[in-house]
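Notes follow once the structure below has been shown.
No lab work stands behind these numbers, since they all come straight from the coordinates. It should be emphasised that the depicted structure is a prediction, and the values quoted were computed from it without experimental measurement. All Cβ positions, even for glycine, are placed from backbone atoms using ideal geometry, and neighbour counts span all protein chains on display.
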Amino acid sequence: MSDGKKDGGPAFPISTIDGFTNQGMTLRQWYAGQALVGLLANTTYDLSIESNVESVFEYADATP
């Protein structure tokens, strides 16, 4: 990642004959997606896309 944050590695690594590859989404992106589901389930959420993206990655980064 370009911002220096740890991404947790691949969320769902793909198994190959040679071992695991780092293709697909990162664990950080998966956590952000799960936070987005919760945010959008709230009927009072902010409709600003930029605000929502920042919020869900803040939640993802707070995950231990």
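Contour minus end-to-end for Tyr59 and Met25, with contour as 0.36 nm per residue of separation and end-to-end as the Cα-Cα distance?
On the way: separation 34, 0.36 × 34 = 12.24 nm, distance 1.66 nm.
Value of the extension gain: 10.6 nm.
Quick check on packing: order 12-18, 27-33, 50-56 by the mean number of other C-beta atoms within 10 Å, highest mean leading. Write out the running numbers ahead of the final one.
Details: 12-18: 8.4, 27-33: 17.6, 50-56: 13.7.
Final packing ranking: 27-33, 50-56, 12-18.
If I model a spin label as a point 7 Å beyond the Cα along the Cα-Cβ vector, how far apart are those points for Glu50 and Phe12 in nm?
Reported label-point gap for Glu50 and Phe12 is 3.2 nm.
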